[in-house]
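Let me begin by presenting the structure, written as structure tokens, before commenting on it.
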């Protein structure tokens with residue numbers, strides 16, 4: 001393992017990439033701090049507004065956005081290197097013979113790649129810690145969940161890069177494969193906004209970004225976690241198949257197809273698993289605790305028919321809030337969108353039925369045109385013949401903070417100077433003896 | 001009847017695309033013997049080695065040890081240690097790390113102390129592989145292969161970077177390792193070196209076996225005239241060229 005770690009961590013390129021990634025992450029962090037401070041100035045004067053000052057979307061998500069960018073664009077270069085360089089140097093086969101098993105070599109290479117790629121996470125952790133040190137508020141658990149999502153993303157990136165390295169001959173080819181895998185996920189996400197990519201819209205469940213959304217909200221989702229772990233496992237499986245030595249090429253192709261099909265099946269099955277755990281501070285992503293308990297005790301299915309167009313702002317708002325909270329309380333709740341089957345927007349027809357939300361629970365049916373969280377929840381209980389439980393919830397007070405002057409200067413110096421420089425110096429220190437002859 | 005631990009290669013064929021790079025090659029490598037594979041550039045020596053050690057798919061023939069055919073990669077890994085031609089040790093790793101790695105993968109006791117002395121490894125331990133001279137690099141690579149203690153050691157051009165003084169020590173330790181019930185198979189470009197170290201010779205031309213045997217049997221095959229391995233090689237090569 002020391003041999004593999006040396007290849008990964010004594011290479012100047014690893015630390016150069018980490019330094020560039022630190023700049024990307026640092027820039028996102030500083031921008032987020034400035035925006036959060038600007039909003040906090042006015043929020044500090046109003047209790048109501050200060051509740052909106054949530055550091056999870058305000059600080060943590062923008063900072064981790066930089067990690068995502070660095071992982072997708074630079075991660076493959078670092079992750080593919082331990083295996084690709086072995087191949088470029090002509091020692092891969094001899095190493096596998098010495099180790100006695102391709103699987104063992106792959107496991108060692110994967111561990112080294114994960115550790116090297118893990119350097120990309122360090123700047124975000126240091127910066128978030130520094131944010132707390134200068135007076136900002138971050139909840140440990142919800143921040144860890146968001147960070148956990150990035151760890152899973154890195155695992156997928158490493159696995160894709162390793163698979164690329166196993167199936168190609170050079171680092172350039174392997175890094176290209178890894179970056180292409182990341183960009184494919186982005187292209188799927190961009191399908192909504194670009195007509196040229198609209199044909200990718202149906203592949204939205206295969207987007208890494210989409211799987212990561214709950215983590216960024218402080219939720220620990222079972223389905224996406226399983227999806228991302230399986231994606232990583234599939235990548236590692238493909239790396240093992242690609243790097244193996246077999247007497248017949250068909251065997252290698254059959255093994256790879258087997259890994260791909262098995263991975264795709266598990267990922268397809270994991271996608272619809274909606275069970276998630278709310279690990280946000282004060283459980284603010286959930287409905288009030290008594291309501292959650294009450295919803296879980298309603299027997300039978302809960303169904304909602306929502307007669308709103310895909311682009312309707314009311315529907316978007318409900319999807320981002322009410323429906324998510326309902327699903328969090330009752331993962332088995334079924335939400336139908338009958339108008340999605342139509343090609344033309346239904347709102348333009350101004351039909352009387354447009355805007356209705358039909359609620360079914362325990363045999364009862366109710367109907368409303370409101371997308372209000374409380375209204376819909378009340379109707380669910382009414383349909384089930386029950387009264388709405390206590391709606392009170394611990395209030396989230398928000399954490400506005402203005403970071404300026406010396407404190408801002410400290411964060412800026414850390415983000416743009418100290419962390420990237422530290423990576424460069426460590427890289428220089430670890431690799432300097434290579435040039436001495 | 002073959003002696004225990006003998007590597008038997010029978011009718012081996014390796015095809016790349018439509019072309020047979022190695023065709024119908026058969027030979028034995030006995031423990032205690034050094035078998036030199038010699039041939040002009042492009043004869044298929046490296047491809048033959050890669051096929052024999054299981055790193056390249058073979059399209060014809062069989063490879064067995066003690067009569068047991070080698071099929072799974074684990075079988076090949078238990079049997080062979082391989083030093084590839086022009087392989088580059090990871091320049092980021094220290095010699096100490098590489099030496100420890102090789103020792104930790106050793107399948108059976110090897111005279112490590114003697115190996116370290118003969119290859120002058122200890123003065124290099126604190127260096128990174130990236131700062132080694134070519135000769136030093138090859139010594140470490142050779143150590144990493146020989147220390148694995150596998151029944152068959154396959155060396156692809158192992159001696160080309162050594163000066164005459166170093167070569168003497170290296171040849172001597174390879175001989176000692178072979179004497180410890182190890183079959184050594186090595187491609188050697190310098191025929192004078194091959195004659196010094198090897199017991200038997202496999203001459204390969206255009207991927208085909210031209211001759212196989214000890215020097216006296218090759219001399220007989222080449223006719224009365226030639227004395228040195230180089231003379232034998234040239235004579236056999238010319239004979240083959242006339243025949244074709």
Between residue A:310 and residue A:250, what length in nm is gained on full extension when 0.36 nm per residue of separation is reduced by their alpha carbon distance? 17.0 nm
Whole-Å distance, taken between Cα centres, linking region A:66-91 and region A:21-51: 33 Å
Please determine, in degrees from 0 to 90 and to the nearest 10, the orientation of helix A:75-88 with respect to the longest principal axis defined by the Cα atoms of chain A, where the helix direction is its Cα long axis. 30 degrees
Where both residues lie in the protein assembly as shown, what percent of DSSP beta bridges are antiparallel, nearest 5? 60 percent
Could you check which residue among B:37, B:184, B:131 shows the biggest mean-square fluctuation in a GNM of chain B with a 10 Å Cα cutoff? B:131
Looking at chain A as a GNM with Cα springs under 10 Å, which of A:183, A:308, A:97 has the largest mean-square fluctuation? A:97
How long is the gain from residue A:189 to residue A:35 if the chain were fully straight, where each residue apart is worth 0.36 nm and the alpha carbon distance is subtracted? 52.9 nm
GNM result for chain B, Cα springs below 10 Å: residue of B:88, B:21, B:177 fluctuating most strongly: B:88
Region B:164-206 and region A:358-437: distance between their alpha carbon centers, rounded to Å: 67 Å
Span from the region B:108-151 Cα centroid across to the region A:270-317 one, whole angstrom: 64 Å
Give me the angle, in degrees from 0 to 90, between the Cα long axis of helix A:222-243 and the longest principal axis of the Cα atoms of chain A, rounded to the nearest 10. 20 degrees
Nearest-5 percent of antiparallel DSSP beta bridges in region B:56-204? 25 percent
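Per DSSP H run of at least 4 residues, take -39500 (n - 2.57); add these up for the protein assembly as shown, divide by its residues and hand me the 222 nm value, nearest 500 deg cm²/dmol. Please report the intermediate quantities before stating the final value.
Values: 28 runs with 358 residues, N = 681.
Rounded to the nearest 500, it is -16500 deg cm²/dmol.
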Per residue of B:126-132, what is the mean number of Cβ atoms on other protein chains within 10 angstrom of that residue's Cβ? 4
For a quick check: sort A:215, A:36, A:129 by the number of other beta carbons within 10 angstrom, fewest at the front. A:129, A:36, A:215
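We did not get these values from a lab; they are worked out from the coordinates using the rules stated. Values in this document were obtained by computation on a predicted structure and should not be read as measured data. Because the Cβ atoms are built from the backbone with ideal geometry, glycine has one as well, and the counts that use them run over all protein chains shown.
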